[in-house]
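Quick notes on the structure that follows.
The values are calculated or read from the model by the stated rules, or taken from the named source; none is laboratory data. Just so you know, these numbers come straight off a predicted model, no measurement behind them. Cβ: placed from backbone, ideal geometry, glycine included. Neighbour counts: every protein chain shown.
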Amino acid sequence: MASLCRISGVPQVLAKMKIAKGVIGLECQKRLKKAGLFIQRESQKIVPVEFGVLKNSARTVNMGGKEFDADIDDIDIVVHYGAGANYAVYVHENLEAKHKPGKRAKYLEAVVREQKTEIFKIACLKV
């Protein structure tokens, strides 16, 4: 003999899940943006500077969607240099160049490698 069961409240559960996804999406975006700004700030300490154009071209943006969009699937935080400094990639990749003390090539990559623990602390949700 088959038994029947009745499930109620499914629409309400789905509605609350959608709200939770939005709240989590906003928190994820906020934390990832904060981590990106940390990378930008730390990289600016070691980016080679001659006239300041390269250093001043640093940006941290969400390329995936609108700022403060709740869609967790549309977060793509990018830290980059180069707006007005088309040579940013060359400076970043040129390991042979001589720079002033404390400045160096791989200024973005080095920060991510050396500060990965701090970056994860900033970016990860605490549950």
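Of (1) outside any helix (DSSP H, G or I); (2) modelled with pLDDT of 85 or more; (3) of a type in the set (Val, Ile, Thr); (4) out of contact with any Gly (no Cβ under 6 Å at 6 or more places or on another chain), VAL13 satisfies all except one. Which?
Of the numbered conditions (1) outside any helix (DSSP H, G or I); (2) modelled with pLDDT of 85 or more; (3) of a type in the set (Val, Ile, Thr); (4) out of contact with any Gly (no Cβ under 6 Å at 6 or more places or on another chain), the odd one out for VAL13 is (1).
Within the range 40-47, does at least one residue satisfy the condition of being within 26 Å of LYS103 (Cβ to Cβ), more than 13 Å from the chain's Cα centre (by Cα) and hydrophobic (A, V, I, L, M, F, W, C)?
Yes, the conditions are met somewhere in the range 40-47.
Would you pick out the residues in the range 71-95 that are at pLDDT 85 or above and buried (at least 18 other Cβ atoms within 10 Å of the Cβ)?
Answer for the range 71-95, where residues must be at pLDDT 85 or above and buried (at least 18 other Cβ atoms within 10 Å of the Cβ): ILE77, VAL79, TYR81, ALA88, VAL91, HIS92.
Which ones in the range 38-66 are aromatic (Phe, Trp, Tyr) and either buried (at least 18 other Cβ atoms within 10 Å of the Cβ) or touching a residue at least 24 places away in the same chain (Cβ under 8 Å) (or both)?
The one that is aromatic (Phe, Trp, Tyr) and either buried (at least 18 other Cβ atoms within 10 Å of the Cβ) or touching a residue at least 24 places away in the same chain (Cβ under 8 Å) (or both): PHE38.
Just give me the residues in the range 52-70 being modelled with pLDDT under 85 and more than 14 Å from ARG31 (Cα to Cα), in sequence order.
Result: MET63, GLY64, GLY65, LYS66.
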